[in-house]
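To start, the structure under review is shown below, and the notes come after it.
The values are calculated or read from the model by the stated rules, or taken from the named source; none is laboratory data. Keep in mind that what you see is a predicted model, and the values were worked out from it rather than measured. Heavy atoms of the whole protein, side chains included, go into the accessibility calculation; ligands, DNA and RNA do not. Shrake-Rupley method; radii C 1.70, N 1.55, O 1.52, S 1.80 Å.
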Amino acid sequence: MNKKTILIALLAIGVGTTMAQTKVTGNVVNERGETVEYVSIGFEEDSVGVISDAKGHFELTIPKGRKEDLSFTHVSYLPATVPYQEYANGKDLTVVLKDKVVELSEVVVGKKNKPKTIAGKGVIFPGGAVGYGGKDAHGSPDAPEVGITFSCNKDYVISDILLKVAGCTFKQCTVSFNLYEKQDGKYVNILQKPIYEIVKQTDGKYVMDVRPEETLVLKRKKHYYLSIRVVDNDGDGYLYLKASLQKGLYRREVKGKQKTYPISPAITVKGYELD
């Protein structure tokens, strides 16, 4: 892929340090003893963090002198913390996440309703792409979510999330999609279960059409953030996404740090207007 087409600096993923460190390893499970994949683990307002692998295992290197609680977050579970005293000795941890209880509301969609474009009407930048990846991309402390922010003038239920892929040099990678609602100034994930999609190696361009299994309701006058994140990968490489001239938000899930840019990955959200 021509480097000149990249409009935003590549989000290099894989950061090391030579300071004296504590290595923490362990596994994340739910209350039924089942492993929990792709859990975000780290410190609040910091660059130290990692993502558990597909089997719930994680390894985290912590700089000397750090004594804060470790945070564990996942879409389907309540957040959990592990105090410094429990991980300071470097022994393997087993972290148990409790299920998140969500009340489901009844949704009625008009029979003659057709999907409408709710968000993602930005102009595609000709020849432009956003690169996401790098060596050892999985589990990076600097792996951010990238996506678009939007609001609705009516109530909708999402039918499709369209992502314009420009190429992938990984053998394959796993991308997670997250949907947040802004509540009291903070983005709160409103998914009940994760949305994962596999992207295989390709030098071609195509549109990924994601159709959520759960009912995702968007409410009028509410503000939302739809993001993507590479959570696993096979081999070194990059995922290239078409660039769109609409406001993009780059955010680190555990740490909460975020930045806005005038360019974002080309993501479109479609849905049915509610009766």
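At a glance:
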| read-out | value |
| --- | --- |
| Relative contact order computed over segment 224-275 (Cα-Cα under 8 Å; 6+ residues apart), in percent | 30 |
| Residue-normalised accessible area of segment 137-275, expressed per residue, 1.4 Å probe, Å² | 43 |
| Heavy-atom accessible surface of segment 167-275: percent carbon and sulfur, 1.4 Å | 44 |
| Members of K100/K270; K23/K171; K164/K219; K116/K242 lying beyond 23 Å, as alpha-carbon distances in this model show | K100/K270; K23/K171; K164/K219 |
| With eigenvalues of the C-alpha gyration tensor scaled by 5 and rooted, segment 190-272, Å | 22, 18, 15 |
